[in-house]
Amino acid sequence: MAWFKRPNSNLGPGDNGEPNGDSNGDSNQDFGAESTFAPVSDDGSPARVRTEGLWIKCPGCRTILFKAELEAKLHVCPKCGHHFKIGALQRIDLLLEPGYTFVDGNLRSTDPLNFTDIKTYKSRLHAAQKHTGLNDALVTALGKLGHHDVVLAAMEYTFIGGSMGAVVGELIARAIDRSLASGHPLIIVSASGGARMMEGVVSLMQLAKIATGLAQLDEARIPYICLLTDPTTGGITASFAMLGDLNIAEPGALIGFAGPRVIEQTIRQKLPEGFQRSEFLLEHGFLDAVVPRAELKPYLIRALDFLKTPA
Ligand SMILES: [Zn+2]
């Protein structure tokens with residue numbers, strides 16, 4: 001939170017201007033996690049009121065938003081329409097009717113390479129599991145989307161960047177198998193930085209496994225819809241996130257394979273405005289539609305009405 005510096009530092013504890021531990025550069029941070037203001041209480045003495053975690057700054061328009069209001073608007077900025085990231089569980093709750101069931105949540109990574117970078121992969125997994133309450137970066141649920149029975153899988157970006165290792169690959173393969181067995185359409189909501197490098201080639205092998213399953217789904221004429229959310233990059237974009245019968249995205253989502261800086265350095269050219277955002281991709285034929293979050297559910301119901309019509 002380097003942008004939030006208070007000149008006067010005598011306003012109480014937690015006021016050292018240090019970042020709040022979230023060092024991934026994500027701008028969806030709590031505003032006011034350290035903020036206090038000092039009105040005067042009834043007896044005339046200064047009363048300190050903490051406004052911890054109540055406010056958040058919109059990265060789109062820099063408006064300070066009241067968190068409760070933002071939640072009521074499905075985490076979309078009421079001023080500029082910026083779509084904040086939401087978690088896998090929130091996403092499922094947003095799309096499915098009450099009464100859905102979670103499946104396959106018990107798989108955990110075995111750390112096949114016994115990998116260590118600056119930390120051990122095991123400790124990263126442990127921290128992510130503790131932080132998210134999930135076993136890995138994907139959640140699968142069975143339930144109803146409007147009047148359609150569906151298999152819905154949603155990725156959790158806060159779990160090691162939504163990266164795909166053996167567990168995410170296996171969960172998607174199982175979701176595909178559930179679609180094949182039941183004939184219910186498959187919807188995958190992607191939010192990922194790509195393959196999980198801590199699992200090396202094991203993570204890359206998932207791409208072939210998933211693509212094979214999706215081909216079977218295609219042969220069985222079962223609809224598969226991809227919903228790309230911010231961000232969908234790397235091996236995810238290069239595989240299942242772009243293989244849908246219908247590929248749609250939320251507004252303003254970063255979608256691409258390599259990052260813009262890498263591309264600029266490689267081709268030695270300045271990239272155009274809005275490059276790798278949903279609207280740019282739609283314009284250039286990589287997406288079928290850009291759908292605002294509030295319209296997603298009715299849009300998907302209509303799309304399934306259409307896709308499930310027998311030929
Ligand atoms: Zn905004």
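The values are calculated or read from the model by the stated rules, or taken from the named source; none is laboratory data. Please read these numbers as outputs of a predicted model, since none were measured by experiment. No Cβ is skipped: glycine too gets one built from the backbone with ideal geometry, and neighbour counts run over all protein chains shown. Side chains included, ligands, DNA and RNA excluded: accessible areas come from the protein's heavy atoms. Shrake-Rupley method; radii C 1.70, N 1.55, O 1.52, S 1.80 Å.
Observations
- 18 Å cut-off, amide nitrogen to a point 7 angstrom out along Leu94 Cα→Cβ, residues in segment 57-71: 57-61, 65-71
- Report note on the peptides 58-69, 183-194, 79-90: ranked by the mean count of other C-beta atoms within 10 Å, highest first, their order is 183-194, 79-90, 58-69.
- Bridge type composition, segment 92-193 - antiparallel percent by DSSP, nearest 5: 75
- Accessible surface, per residue, of segment 237-311 when the full set of protein chains is kept, probe 1.4 Å, Å²: 60
- Length available on full extension from Asp218 to Ala127: 0.36 nm per residue minus the Cα-Cα distance, which gives 29.0 nm.
- Using a probe radius of 1.4 angstrom, the carbon and sulfur fraction of the accessible surface of segment 117-188 is 57%.
- Coarse-grained scattering of segment 82-171 at q = 0.12, 0.15, 0.18, 0.25 Å⁻¹, given as base-10 log I(q)/I(0) from a Debye sum over alpha-carbon atoms: -0.40, -0.60, -0.80, -1.28
- Integer Hz, Karplus 6.51/-1.76/1.60 couplings in order for segment 198-208, x for Gly and Pro: 5, 10, x, 5, 4, 6, 5, 5, 5, 4, 5
- Taking amide hydrogens as placed 1.01 Å from N in the peptide plane, the amide H of Leu138 sits under 5 Å from those of Glu156, each at least 5 positions away in sequence or on another chain.
- Karplus 3J(HN,Hα) series, Hz, for segment 75-85 with 6.51 cos²θ - 1.76 cosθ + 1.60 (x for Gly, Pro): 6, 10, 4, x, 7, 10, x, 4, 8, 6, 5
- Arg261/Thr120 FRET efficiency (R0 51 Å; Cβ-Cβ; nearest 0.05): 0.95
- Between Thr140, Val150, Cys77, the Cα set farthest toward the positive side of the dipole of segment 77-166 (charges on each charged residue's Cβ, about the Cα centre) is that of Cys77.
- A simple spin-label model places pseudo-atoms 7 Å from Cα toward Cβ; at Lys308 and Arg108 they are separated by 3.7 nm.
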